[in-house]
Amino acid sequence: MLDMTTKELSSRHVKPEESLRLGVVSGWYTTKMSGTFVTGPHATHEEALLKIAELNPPPPPIVKRKL
C-alpha cells in the first residue's frame with residue numbers, strides 16, 4: 001500500500017504530443033505533487049479520481065468510549 005494522503009495525489013492529463021517526450025502512453029494519470037506518476041494511464045479523469053480514492057480510503061470513524 002502506498003503511504004500517501006489524498007492531498008498528496010492529483011490527476012493529470014498527458015496529451016499525445018507530450019506523451020512522446022515523456023515516454024508514456026497518452027491518458028489520465030495519478031501523480032504525486034512532485035509530478036511523479038503513481039498510476040495510469042486511465043481512460044478518463046473520473047477513473048483517475050476513483051484510483052486516488054481507492055489508494056486513500058477515508059479514515060474509519062473514531063469510536064468514543066463511555067466512561
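For the range 41-67, a tally of residues being modelled with pLDDT of 95 or more and outside any helix (DSSP H, G or I) returns 4.
A quick yes/no check of all residues on (1) in contact (Cβ under 8 Å) with a residue 40 or more places away in the chain; (2) exposed (fewer than 13 other Cβ atoms within 10 Å of the Cβ):
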{"residue": "Glu17", "(1), (2)": "no, yes"}
{"residue": "Leu20", "(1), (2)": "no, yes"}
{"residue": "Ser34", "(1), (2)": "no, yes"}
{"residue": "Pro41", "(1), (2)": "no, no"}
{"residue": "Leu49", "(1), (2)": "no, no"}
{"residue": "Ala53", "(1), (2)": "yes, yes"}
{"residue": "Pro57", "(1), (2)": "no, yes"}
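The values are calculated or read from the model by the stated rules, or taken from the named source; none is laboratory data. Treat the numbers as computed from the prediction; the structure is a model and nothing was measured. Quick reminder, even Gly has a Cβ in these numbers, built from the backbone with ideal geometry, and neighbours come from all protein chains shown.
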